[in-house]
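Trainee: Please see the structure below; I have some questions.
The values are calculated or read from the model by the stated rules, or taken from the named source; none is laboratory data. Predicted model only: the values in this text are computed from it and were never measured. Cβ sites come from the backbone with ideal geometry, for glycine too, and all protein chains shown count toward neighbours. Ligands, DNA and RNA are stripped out before the accessible areas are found, and what is left, the full protein with its side chains, is counted by its heavy atoms. Shrake-Rupley method; radii C 1.70, N 1.55, O 1.52, S 1.80 Å.
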Amino acid sequence: ATLCVLCLLAAVPAAAQEEDRDRIPRFAADIVIEADGDFLVTEEIDFEVMPGSDKRGIYRDFPTSYRGFMGLNEKVAFEVLEVTRDGKDEPYLLIDGPAGERVRIGHPNVLLREGIHRYRLVYRTDRQLLFFDDFDEIYWNVTGNDWAHPIDRAEATIHLPPGAAVLDSAGYTGHAGEQGGDFTQGRTADGGIAFATTRSLQPGEGFTVAVSFPKGFVPEPSLEQRLQQGLFDNLGPLVAFLGLLATFAFFFWQWLR
């Protein structure tokens, strides 16, 4: 599952960031599980700029590399489709992040005016669905756990594939690893599963949701596909290992001679 980490792009030193009073009144994510298993995600982040603040935008860190079975690399795709602020296109730049892609949103020479700004980020990602023996599951960290500002309200709506029924659902609030239950759950008019926090999330806290549904609605990758993808994800280390093995074999052959 994806760990969604959103951090603020500040134009002041880190020590000053700790003292500013900017906040996120609302963070909402809408996740659609598409027929092929890809996730289409729309995030709306309301960011309130307080008097005296010196902000130019935000950045969004999206991890694309994970450690999977036997410590092997697993990589997911991340495609940005739309970025807006207050309903208008906003400039952004894709750069390397701590564990994948970073979307740097905003103009480096334009300060944000005081008040609430609504950022909207739409992206698509793959290989996020979890496949188990008896069910499939989406396990999604909605907000991430690295915000430097409080989040007054976090929301998430999960749209399952057409016809899929909910088998089980859960939510977690707090710091990484905690299992707080400060949220409500319901259904939207179009059948989505809606979650919302019931308290503010403090810096370092996040909100994660999970929904499971019957198998058969999304094609599960075959063993051959998994092996091919695993080979592709670990091509670099594999080439390095084969090179080391060839070097060892050469010197061993020379020793035998």
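Trainee: Consider a paramagnetic label point 7 Å from the Cα of ALA148 along Cα→Cβ; state which residues of the range 110-125 have an amide N under 13 Å from it.
Mentor: Of the residues in the range 110-125, none has backbone N under 13 Å from the label point off ALA148.
Trainee: Taking amide H positions as placed in the peptide plane 1.01 Å from N, state which residues far from VAL49 in sequence (5 or more) or on other chains have amide H under 5 Å from it.
Mentor: Here the answer is GLY115, ILE116, HIS117, since their amide H atoms fall under 5 Å of that of VAL49.
Trainee: Can you run phi through the Karplus equation (6.51, -1.76, 1.60; θ = phi - 60°) for the range 29-41 and list ³J(HN,Hα) in whole Hz, with x for Gly and Pro?
Mentor: 10, 10, 10, 10, 8, 7, 4, 8, x, 5, 10, 9, 10
Trainee: How much length is gained on full extension from GLU79 to THR188, taking 0.36 nm per residue of separation minus their Cα-Cα distance? Present the calculation step by step, with values, prior to reporting the outcome.
Mentor: Values: separation 109, 0.36 × 109 = 39.24 nm, distance 2.68 nm.
Gain on extension, GLU79 to THR188, equals 36.6 nm.
Trainee: Let me ask something additional. Find, among the trypsin sites (Lys or Arg not before Pro) in the range 136-223, those assigned to loop by DSSP (not H, G, I, E, B) with at most 16 other beta-carbon atoms within 10 angstrom. Before the final figure, lay out the partial values.
Mentor: Numbers: sites: ARG153, ARG187, ARG199, LYS215; in loops: ARG153, ARG199, LYS215.
Qualifying residues, ordered by number: ARG199, LYS215.
Trainee: Could you work out how far apart the two model spin labels at GLU114 and SER169 are, taking each label as a point 7 Å from the Cα in the direction of the beta carbon, and quote it in nm?
Mentor: 4.0
Trainee: Another question, then. For VAL103, what charge total do you get from the other residues with a beta carbon under 9 Å from its beta carbon, if Lys and Arg give +1 and Asp and Glu give -1?
Mentor: Values: positive: ARG60, ARG102, ARG104; negative: ASP61, GLU101.
Taking every other residue near VAL103 into account, the sum is +1.
Trainee: Right, another one. With every protein chain present, what accessible area does ASP133 have (1.4 Å probe, heavy atoms only), rounded to the nearest 10 Å²?
Mentor: 140
Trainee: Estimate the FRET efficiency between THR42 and SER222 by the formula 1/(1 + (r/R0)^6), using the beta-carbon distance for r and 25 Å for R0, to the nearest 0.05. Show your work: numbers first, answer last.
Mentor: Numbers: r = 31 Å, r/R0 = 1.22.
The value I calculate is 0.25.
Trainee: List the aspartates and glutamates whose Cα lies under 15 Å from the Cα of LYS55, skipping any in the same chain that are fewer than 8 positions away.
Mentor: GLU18, GLU19, ASP20, ASP22, ASP46, GLU90, GLU114
Trainee: Within 10 Å, count the other beta carbons around each residue, average over each peptide in 170-177, 144-151, and list them highest first.
Mentor: Numbers: 170-177: 16.2, 144-151: 19.4.
Most protected by this proxy first, the peptides run 144-151, 170-177.
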